[in-house]
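Q: Below is the structure I would like to discuss, written out as structure tokens.
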Amino acid sequence: MSSATTPPDSDPSQRRRVHSMLKHYYGLNEEGKVTEQAESLDPCDINGPHFDPEVYLNKLRMECSLGELMDHESCMVKQIRSLDSDMQTLVYENYNKFISATDTIRKMKNDFKKMEDEMDCLSANMAAITEFSAHISGTLQDQHAQITKLSGVHTLLRKLQFLFELPARLNKCLELQAYAQAVSAHRRARCVLQQYSHMPSFRGIQDDCHVIMEQLAQQLRQKFRDGGSSAKDLSECVELLLQLDEPAEELCDKFLSHAHSSTTNPFLSPTAGTDILEFIDRGCNEFVSSLCLVIASYQELFINRPQEGELASKNIPEMANGKLHVFVDTLAARYFSLVERRIQEEKGVSDNSLLVRALDRFHRRLQAISKLLPGSAVPSQGTEIVVRAARERIKQYLSALQTFYHDSLTDVRQALAAPRHKDATPSLPELLTSLSNFILNQLKSVLASVHLFTAKDITFSNKPYFKGEFCSQGVREGLVVSFIKFICQSSRQYCESAGDRGGSTPPALLLLLSRLCLDYETSTISYILTLTDEQFLVQHHTPVTPVTALCAEAREAAQKLLNHYVKVQGLIISQMLRKSVETRDWVNTIEPRNVRAVMKRVVEDTTSIDVQVGLLYEEGVRKAHSSDSSKRTFSVYSSSRQQIRYAPSYTPSAPMDTNLLSNIHKLFSERIDIFSPVEFNKVSVLTGIIKISLKTFLECVRLRTFGRYGLQQIQVDCHYLQMYLWRFVSDENLVHFLLDEIVGSAAHRCLDPSPMEQSVIEVICERG
Amino acid sequence: NVNKKNNIDLKKKARALTAQTAETDAIRFLVGTQSLKFDNQIHIIDFDDENNMINKSVLLHDAGEIWHISGSPADKAVLTTCYSKTSESRVLTCAAVWRMPPEWESGNHESPDDSSNNPQTLELLCHLDNTAHGSVACVLWEPMGDGKRLISLAENHVLLWDLQESSTKAKISSTATLEGKGQLKFTTGKWSPHHNSTQLATANDTAIRGWDLRSMSQIYCIENAHGQLVRDLDFNPNKQYYLASCGDDCKVKFWDVRHINEPVKCLEEHSHWVWSVRYNHSHDQLLLTGSSDSRVILSNMVSISSEPFGHLVDDDDLSDNEESQQEDKGKEPLQDSIIATYEEHEDSVYAVEWSVADPWLFASLSYDGRLVINRVPRALKYRILL
């Protein structure tokens, strides 16, 4: 209170000082204590509690000059004066306040006395009011009960009115087609009507309502049946009918049958001429999406709706779900059969991406159904279809490859058959390279096409079938291995069919195919299979055909083809020789002047075969023979062996010698297998052909009878063959031996065996 | 004249071989030699089964070199040969019916060292006059007949002969001619023992033809039966529609003449032309082939034989004990297989024949004049018999 009353002072520092002094005086201000302690130590602080005037004075006297002292003194006086006046003012102010407080207390004493009287009066009034209130409520008790009852009656009456008005209202609703309102109205009334149906009036209403509602239901059903309405309308209908206690089962059936017609009608008329992608697109857009719509709305209506009242007991969802599955399955079955039919029509193998994309879309869209209808078999059936399509595709590719192979062979055949312009027609090695490149490229492109099935962005590529079986059993075994096997197989067929029909296959083709198979054995097969395994990351869960087995098969085919080639070529030359022996009258022939043309032809053909084989096969090894073999062996052949062997046999006196010598000869020469397998080289092939030809010559000679000149002609011919054929074979002794046999047999079959002079033979042969 | 081996060298070129058809006691083969320069002979080969000895008798056949020989089914002394005769620089193959002189057997065996002993000559019964028809390829006796009926195949003619007056006169009873493009020529033929001996099969070039002898008309024709020339035919003795053929394509084929589009079976075991094919007379799964690769092959064609395929065992016998079941496992059905390949010849084998007297014995003849007699392996014989 003291600080509050301090009069405002112009100098704040002055005022604070006064403040603090006052505080100090009253000894209650904490703030004052602090200052006190801070100041207390200095005895020279004029305001501090430990102020020692003596010390202060001494200090001043010691420190200050006279002027300063004078100033200090006057300042001190001034301060003392102002302090005195301050003190006076304070005392005065406090006195005034005390006086006014005393006045206030006195005034309050008077007021309280008056208030006490008024309070007494109030309590008396309140008692009177309480008494009155009790009295009033006692009187009003009866009337209140009555009012409550009246208001109850009022509501009942209103309900009754609703009931009585119900038929009319329903009718009106019916007219306005406000079915929802009608149904909700009827629903509200139904229980009551049911409860009071024993009373005739209510009964009447109920009957009326029934009739109307029946009518309404009829209309709803009609609307439902008509099917022209949208899905939303339809679902509203169903909802209302359900509320009308219509059997849910029947409704499901109707709904589904309606949906059936609406989903399938536009789609199930297959149109030809559209490509598969377009077709699948249409299928997806029209069928699958509307099917999804149906499923969704159906589920909304029958399965996912909140169960309430008596409907809950009927277990609708289970029944409805069953029906839905059946419905979806039958529809999907039709759809699938249609799709499958369409896929089967997809026979062109030129562009696989279209089919794969179509299948992908087909498969992708079916996933929607699986989301909507979890337990459904439809998506897995869809996958089945995709798998089947893929399988079918592989088969188609295989047959396409086979056709391609046949076509290429036909091309090669034509190239071989075409009249030979030296530069225009490609040579055998070129044909071989181009053929094998064609096949390889085609195979690669097919692999690339098939690879689309397993592309990452294709939804079904991560199905187990496409990860495993498709790659190993489908592509590797079904396509690649089968194709290689087919090549071997068809090659073998060339050998079999041609043998009986007299060589319908050109020999050059046989040779070419044999080389092709051999190349396959050495490199191509392993290359193709490695390529396949890499491209398809084939994991061999199931046993697959090993490379070695395929190679063995290819080698076998190559061997067979080459054998057959030898046989066919040998046969061609054999036929020439046979004709030349069989058609001639050897008894009455003239003295030989020339080598017969057929022998020249034989040598020419053999030379051209040699060239032909040399284009594709390596030379091969021969038994060592000295240089200038033709001359040297020739002399041995003519002078020593032939003369010794045949000369005695021409004289009837010594028939023993010839047998003996010939037997001794045979004893030391190995048995010759005529149609024996050949090795993969030129010499072996040529040896085989010459063996066959000469053996035929021998057998034919043995069936004829010769005159003197006939024998001589054979001598000339054989010498000619000897001159030219030795160089083709691996072992020239073989040629010698067979030609010896021929001349020997001819001599034996000769009526007048007088052989020609060796020198004459040589002259004739050298003349050509 | 006693050879303790199973082969004999006749020292003459030879193509013609036949078993003596009417002889059922002795194992006897007839060989006709081929020589343009010497007198040709008929060698009568007797095989002494007990002592493993081959005896040889020789009869002179001075008409010409023998291309085909065939014994009468009724009279063991009667035989036919096809021989070539050269006259005026012209070679013609003729056929004749001969009778062996009755004394040939009386110790008149030719010994290799004793050439002074003049062999006897065949007695000519009659010629099958073929001047109008050309060279004769072969002469066939009516199988199991009375030795009165013959067929000769001359160029493209089938001639059916009746022998009269103790075979001294031959008369053509009917003929058939093969018409067609080019020069058609029968190479060989076979008279079927079935159908009351009314059918004949012939071969020309690559075709096999069947003939009905009553109407002398063709009843079937297997065109391109072989890739090349057909060399020989034989009828299955027990299955009337089955026929084996062989040819220059190195193959032996089996035909059911009711289904001639495809052969029933095909063997390709020889490495050169197959010249001769013969069914065993009793066990038709046994088949003999001779080839110019100098080999003789004996095959066991179980799957197309008349004998039951595999081993038929009554169920009653089996059900009793396990032992018999194990036994049965051991006796798995025989597969078609080659039983043996005989490589004793060193020249082309042109003829093979089964013995008439001993069904397990056969002879083969190569061009160099070597005749080899072999038996069916004992193990197989017992397997077939038991």
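The values are calculated or read from the model by the stated rules, or taken from the named source; none is laboratory data. This is a predicted model, so every value here is computed, not measured. Neighbour counts are summed over all protein chains in view; Cβ atoms, including those assigned to glycine, are modelled from backbone coordinates with ideal geometry. Side chains included, ligands, DNA and RNA excluded: accessible areas come from the protein's heavy atoms. Shrake-Rupley method; radii C 1.70, N 1.55, O 1.52, S 1.80 Å.
Q: Of (1) in contact with a Lys or Arg (Cβ under 8 Å, 6 or more places away or on another chain); (2) open to solvent by less than 20 Å² (accessible area, probe 1.4 Å); (3) modelled with pLDDT under 90, B:PHE235 satisfies all except one. Which?
A: Of the numbered conditions (1) in contact with a Lys or Arg (Cβ under 8 Å, 6 or more places away or on another chain); (2) open to solvent by less than 20 Å² (accessible area, probe 1.4 Å); (3) modelled with pLDDT under 90, the odd one out for B:PHE235 is (3).
Q: Condition first: away from chain A (no Cβ under 14 Å), farther than 15 Å from B:ASN52 by Cα and open to solvent by 30 Å² or more (accessible area, probe 1.4 Å). Now tell me which residues in the stretch B:358-376 satisfy that.
A: B:PRO359, the sole residue that qualifies.
Q: Can you pull out every residue in the stretch A:721-759 that is of a type in the set (Ser, Thr, Tyr) and surrounded by fewer than 23 Cβ atoms within 10 Å (Cβ to Cβ)?
A: Residues satisfying the conditions are A:TYR724, A:SER730, A:SER754, A:SER759.
Q: Would you be able to tell me the number of residues in the stretch B:55-103 that are aliphatic (A, V, I, L, M) and either within 14 Å of chain A (Cβ to nearest Cβ) or closer than 23 Å to B:ARG231 by Cα (or both)?
A: The number of residues fulfilling the criteria is 7.
Q: Given the conditions (1) open to solvent by 20 Å² or more (accessible area, probe 1.4 Å); (2) at pLDDT below 85; (3) touching a His at 6+ places or on another chain (Cβ under 8 Å), which single one is not true for A:GLU762?
A: If we test A:GLU762 against (1) open to solvent by 20 Å² or more (accessible area, probe 1.4 Å); (2) at pLDDT below 85; (3) touching a His at 6+ places or on another chain (Cβ under 8 Å), just (2) comes out false.
Q: Next up: For the stretch B:298-356: of the residues being acidic (Asp, Glu), farther than 22 Å from B:ASN236 by Cβ and at pLDDT 50 or above, which is surrounded by the most Cβ atoms within 10 Å (Cβ to Cβ)?
A: Once the filter is applied, the top-ranked residue is B:ASP347.
Q: Checking the condition among the charged types (D, E, K, R), more than 30 Å from B:GLY369 (Cβ to Cβ), modelled with pLDDT of 50 or more and not in a loop (DSSP other than H, G, I, E, B), which residue from A:LYS600, A:LYS631, A:LYS623, A:LYS579 passes?
A: Only one candidate qualifies: A:LYS600.
Q: If you don't mind, another one. Evaluate the following for B:GLN240: is it under 23 Å from A:THR583 (Cβ atoms) and either part of a loop (DSSP other than H, G, I, E, B) or away from chain A (no Cβ under 14 Å) (or both)?
A: No; evaluated as a whole, the condition is false for this residue.
Q: Can you confirm whether B:LYS85 is in a strand (DSSP E or B) and open to solvent by 50 Å² or more (accessible area, probe 1.4 Å)?
A: yes
Q: Next up: Does the stretch B:261-305 hold any residues that are out of contact with any Leu (no Cβ under 6 Å at 6 or more places or on another chain), farther than 28 Å from A:LEU694 by Cβ and among the β-branched types (Val, Ile, Thr), and which are they?
A: B:VAL264, B:ILE304
Q: Given the criterion more than 14 Å from chain A (Cβ to nearest Cβ), β-branched (Val, Ile, Thr) and either within 17 Å of the chain's Cα centre (by Cα) or open to solvent by 40 Å² or more (accessible area, probe 1.4 Å) (or both), identify the matching residue among B:THR18, B:THR33.
A: Answer to the selection: B:THR18.
Q: State whether the residues of the stretch B:268-285 include one that is of a type in the set (Asp, Glu) and facing chain A (nearest Cβ under 10 Å).
A: yes
Q: Open to solvent by 10 Å² or more (accessible area, probe 1.4 Å), over 29 Å from the mean Cα position of the chain (by Cα), over 30 Å from B:LEU267 (Cα atoms) and without any contact (Cβ under 8 Å) to a residue 12 or more places away in the chain - does that describe any residue in the stretch A:523-535?
A: Looking for residues that are open to solvent by 10 Å² or more (accessible area, probe 1.4 Å), over 29 Å from the mean Cα position of the chain (by Cα), over 30 Å from B:LEU267 (Cα atoms) and without any contact (Cβ under 8 Å) to a residue 12 or more places away in the chain, one finds at least one in the stretch A:523-535, hence yes.
Q: Moving on. From A:LEU721, A:LEU739, A:LEU694, A:LEU698, which residue is within 10 Å of chain B (Cβ to nearest Cβ) and either out of contact with any Phe, Trp or Tyr (no Cβ under 8 Å at 6 or more places or on another chain) or over 23 Å from B:SER87 (Cβ atoms) (or both)?
A: Within the list A:LEU721, A:LEU739, A:LEU694, A:LEU698, the selection yields A:LEU698.
Q: Let me ask something else. Would you check if B:TRP255 is within 14 Å of chain A (Cβ to nearest Cβ) and at pLDDT 90 or above?
A: When the stated conditions are applied, B:TRP255 passes them.
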